[in-house]
Amino acid sequence: MKIIKFTIIILFLSVFASVNSQESLKIPLNIKKAFEKGTRSTDGKPGPNYWQNYANYTINIEANPILGKFYGEETIEYFNNSPDTLYEIVIRLYQDLIKTSNTRNWEIPKEYLTDGVNIHYISVNGKQIDLKSSREFTRQGTNAFVNLSNHIFPSTSANIVIKWDFIVPKNLSVRMGHYFENTYHIAYWYPQISVYDDIDGWDKINYSGTVEFYGDFNNYDVKVKVPNNFAVWATGLLQNPGEVLSKNILEKFNKAKLSDEVVNIITKEDYASGKIFRDEGKYNFWHFKAENVTDFAFSISDRFLWDGVNYKTPDGRDVFISAAYRESAKDFYQVAKLSKEVIKRLSERFPGIPYPYPAMTAFNGGGMEFPMMINDASEERWASTVHLTSHEITHTYFPFYMGTNEKKYAFMDEGWAVMIPFGMQMELAPGYDPRIRPASQISLYAGTEYDVPVITPSNIVTYYSTYRNNAYNKPGMAYYYLREALGKSVFDIALKMYIKTWNSKHPIPYDFFNIFNKETGMNLDWYWQNWFFEVHYADLAIEKVNVNNDIAEIEIRNRGGLFIPVHLVLKYEDGSFEEKTIPVTEWQKSKEKIKTNIILDGVLKSVSLGASWIPESFPGDNEYIIK
């Protein structure tokens with residue numbers, strides 16, 4: 001027995017030493033415990049004791065488009081793979097966001113507020129929960145808490161039944177909602193079991209409007225009941241097209257699923273003919289299934305057009321791509337084709353991971369992403385359509401394929417959805433440079449009292465401009481500058497390994513930092529520290545330029561502390577010029593200044609510093625005139 005105790009102590013100390021030996025980045029105590037328990041490892045891979053829970057959802061939902069009311073019943077089989085006994089279940093009631101008594105990040109007019117989610121029935125393993133007893137059931141914010149008399153033990157499951165309804169107010173769209181007459185995109189809609197993980201236990205962060213997703217990888221079997229003149233698009237694959245589509249539309253639907261070119265499945269001529277859907281009964285039941293996804297959304301309309309096309313992934317799978325849109329949405333006539341091009345580039349170029357799901361639908365509503373669906377408004381400028389479509393589809397990988405906790409770490413998905421499409425956005429919309437806006441926003445807010453470290457949990461960053469900068473701008477440009485510095489081959493190999501290692505799991509920032517350090521063969525903590533854990537601003541200055549014969553000795557000082565590329569423009573007396581970019585990795589050698597020698601190609605007139613895609617808070621000292 002003494003030997004066993006001694007072995008455990010040695011094992012604990014070795015794990016603790018391993019964590020602390022690499023702790024140049026500050027690790028919070030709750031995360032450090034995960035390393036010590038062996039659910040996380042310092043090489044960035046899941047630890048030997050890693051686990052995660054999941055559920056199977058069977059949902060029946062009835063839509064009343066006239067009233068904007070939705071009635072649901074679900075059966076959930078929840079699997080507890082954790083080593084813990086669960087004494088309660090936390091249920092997310094997202095539509096309590098617009099409940100009159102709740103608080104929100106955004107102001108919503110009183111006429112749009114509702115009673116939230118009306119829960120009519122809950123049972124756990126056959127035992128009905130008394131919804132009026134605070135000992136059994138309580139609600140706080142957008143969460144509900146069910147106290148269990150029969151606990152859920154490790155390696156067991158629970159069967160949960162819930163009946164509910166909710167109203168979507170007319171003309172209200174907060175990430176989802178009512179967009180046009182008889183047209184809805186429905187998300188954040190079903191009572192969802194929260195995530196129980198190795199970092200925080202139950203996720204109890206309220207949904208107040210800004211912070212978004214964190215879900216387990218579940219399986220969904222969903223039937224949507226709608227009047228027989230409505231179409232439904234959803235996460236996953238339609239299981240019964242022959243039961244809901246007319247013969248003519250079904251033929252076009254089947255053709256589109258195999259076609260390399262876009263097929264117009266439902267056109268304005270089809271609406272004029274009135275022969276679109278099966279109409280034997282008053283209602284149709286659209287049946288969808290989706291496997292290993294973190295959420296489920298759907299859209300309904302009795303007037304949207306529908307285009308479809310197929311994409312064959314590099315590993316031989318079919319992806320059915322749809323666009324559903326208003327007849328007046330001029331840009332959306334090209335969105336199915338554009339979506340295919342985006343998915344093709346994500347699969348075959350960067351990040352070079354085959355699109356992981358069997359479908360994608362672009363619905364013409366607002367501006368939001370969901371598994372296998374994007375909900376996008378129409379744009380006047382083609383560049384805006386390209387930007388929005390590519391950004392939202394990129395979210396397929398981050399957060400959905402990767403399972404990151406966007407509630408706490410929005411930069412782990414929004415930053416990638418900013419940076420990854422840069423190349424395709426510039427190619428598909430010539431003359432458009434998507435790097436300029438995030439760089440300018442960093443210049444505007446960095447170093448102010450509204451600037452906080454990116455690593456700050458997203459749910460406690462309530463000032464929206466700060467949230468936006470931390471979730472989108474700073475991480476997006478940090479990833480971009482590092483890729484340019486390391487080289488695309490080195491960076492892309494590390495990113496692919498991160499994706500292959502952590503897809504369908506729940507990585508945290510330290511998993512990402514550690515796996516990148518390992519796969520690049522470099523300790524990049526100096527860079528992560530500067531961009532993600534500290535607060536700096538962009539202010540480079542040319543301190544001096546010495547010209548000796550045909551060599552210019554240039555010294556650049558980093559006054560703001562942020563590690564950004566140094567872009568130099570050398571102008572000559574004859575009107576010609578040349579450019580040189582010094583990558584961010586040079587700041588590892590000296591955090592305060594960089595010296596560089598450039599062989600001149602003529603008589604030097606001036607040296608200027610900066611570019612539109614690099615932030616700069618004080619550009620006044622960015623030009624040096626040779627005297």
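Summary of values
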| item | result |
| --- | --- |
| Residue pairs meeting the criteria (Cβ under 7 Å; at least 6 apart or on separate chains; first free of Cβ contacts under 8 Å to residues at least 60 places away in the same chain and closer than 23 Å to Asp197 by Cα, in segment 145-174; second surrounded by 15 or more Cβ atoms within 10 Å (Cβ to Cβ) and aliphatic (A, V, I, L, M)) | Phe145/Val90; Val146/Ile89; Val146/Ile91; Val146/Ile122; Val146/Val124; Val146/Ile129 |
| Odd one out for Met477, checked against (1) closer than 23 Å to Asn405 by Cβ; (2) free of Cβ contacts under 8 Å to residues at least 60 places away in the same chain; (3) among the aliphatic types (A, V, I, L, M) | (2) |
| Test: residue in segment 198-211 that is within 22 Å of the chain's Cα centre (by Cα), surrounded by fewer than 18 Cβ atoms within 10 Å (Cβ to Cβ), of a type in the set (S, T, N, Q) and assigned to a strand (DSSP E or B) | no |
| Unmet requirement for Glu107, which otherwise passes all of (1) in contact with a strand residue (DSSP E or B) (Cβ under 9 Å, 6 or more places away or on another chain); (2) modelled with pLDDT under 95; (3) of a type outside the set (S, T, N, Q) | (1) |
| Count - residues of segment 395-438 that are among the small types (Gly, Ala, Ser), surrounded by fewer than 22 Cβ atoms within 10 Å (Cβ to Cβ) and under 29 Å from Gly561 (Cα atoms) | 1 |
| Of all residues in segment 436-461 being among the polar types (S, T, N, Q) and part of a helix (DSSP H, G or I), the one that is farthest from Ile27 (Cα to Cα) | Ser440 |
| Filtered residues of segment 561-579 (kept if crowded, with 20+ Cβ neighbours inside 10 Å and under 36 Å from the mean Cα position of the chain (by Cα)) | Leu562, Phe563, Ile564, Pro565, Val566, Leu568 |
| Strands (runs of 3 or more DSSP E) contained in segment 67-169 and holding at least 1 residues among the hydrophobic types (A, V, I, L, M, F, W, C) and closer than 30 Å to Thr39 by Cβ | 69-80, 86-92, 118-124, 143-152, 156-167 |
| Options Ser347, Ser328, Ser301, Ser390; residue that is among the polar types (S, T, N, Q), surrounded by fewer than 19 Cβ atoms within 10 Å (Cβ to Cβ) and modelled with pLDDT of 95 or more | Ser328 |
| Per-region count, segment 515-550, residues assigned to a loop (DSSP other than H, G, I, E, B) and either within 36 Å of the chain's Cα centre (by Cα) or over 30 Å from Gly620 (Cβ atoms) (or both) | 10 |
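The values are calculated or read from the model by the stated rules, or taken from the named source; none is laboratory data. Bear in mind the structure is a predicted one, so any value in this text is a computation, not a measurement. With ideal geometry, Cβ positions are generated from the backbone for all residues, glycine too; neighbour counts draw on all protein chains shown.
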